[in-house]
1. Looking at the range 48-106 only, could you name the residues that are polar (S, T, N, Q) and over 18 Å from the mean Cα position of the chain (by Cα)?
2. Restricting attention to the range 59-70, does a residue exist that is more than 17 Å from residue 126 (Cβ to Cβ), part of a strand (DSSP E or B), of a type in the set (S, T, N, Q) and touching a residue at least 40 places away in the same chain (Cβ under 8 Å)?
3. I need the full set of residues from the range 138-157 which are surrounded by fewer than 16 Cβ atoms within 10 Å (Cβ to Cβ) and either touching a Cys at 6+ places or on another chain (Cβ under 9 Å) or in a helix (DSSP H, G or I) (or both), in order please.
4. What number of residues within the range 117-137 satisfy the criterion of being in a loop (DSSP other than H, G, I, E, B) and within 21 Å of residue 73 (Cα to Cα)?
5. Check 122, 85 and return the single one that is closer than 26 Å to residue 145 by Cβ and free of Cβ contacts under 8 Å to residues at least 12 places away in the same chain.
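Coordinate-derived values only; no laboratory data. Please read these numbers as outputs of a predicted model, since none were measured by experiment. Cβ atoms come from the backbone with ideal geometry, glycine included; neighbour counts cover every protein chain shown.
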Amino acid sequence: MKVILLLFFLISPFTLASVDLVKVDKSANKMYLLDGEKTVKEYHIALGANPQGHKQQEGDERTPEGVYTLDYKKEDSSFYRAMHISYPNQQDIESAKARGVSPGGFIMVHGQRNGLAWMAPISQNFNWTNGCIALTNKEMDEFMTLVATGTKIQIEW
């Protein structure tokens, strides 16, 4: 068993890549995993149902824009695996407070809703989240392998 695991890690393409930035282009529904200037992996993503513009408040169905950190992994989610995005930052909190609203939070990169993975070929063609970034479950497994906690995520339109 140890030999098999060692061989997997020696020949696995995942061990060859070091992702130092996750870049999201909301206007193209694309996510890129970058190692320096090199694209390690590209995904088609689903976003919040109202994707254009920066998240302003809880419930606006927007995916935030800016540079954040993927700060922890969550395996016990309502969706297949998840990695938390550090939204809201201090600027987001202050902006929402000035408008008298909650900035919202709990924004994640995640897979499909538990029990509905079979719908991914359809659901990934629409922006269906409440502000999160969705992948297929298979892609989420790959993402969780390639991206370490503490990695920056840059989200832009």
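1. 56, 57, 90, 91, 95, 102
2. Yes; the residues of the range 59-70 include at least one that is more than 17 Å from residue 126 (Cβ to Cβ), part of a strand (DSSP E or B), of a type in the set (S, T, N, Q) and touching a residue at least 40 places away in the same chain (Cβ under 8 Å).
3. Across the range 138-157, the qualifying residues are 138, 141, 145.
4. The total comes to 5.
5. Values: 85 fails: free of Cβ contacts under 8 Å to residues at least 12 places away in the same chain.
Going through 122, 85 in turn, the sole match is 122.
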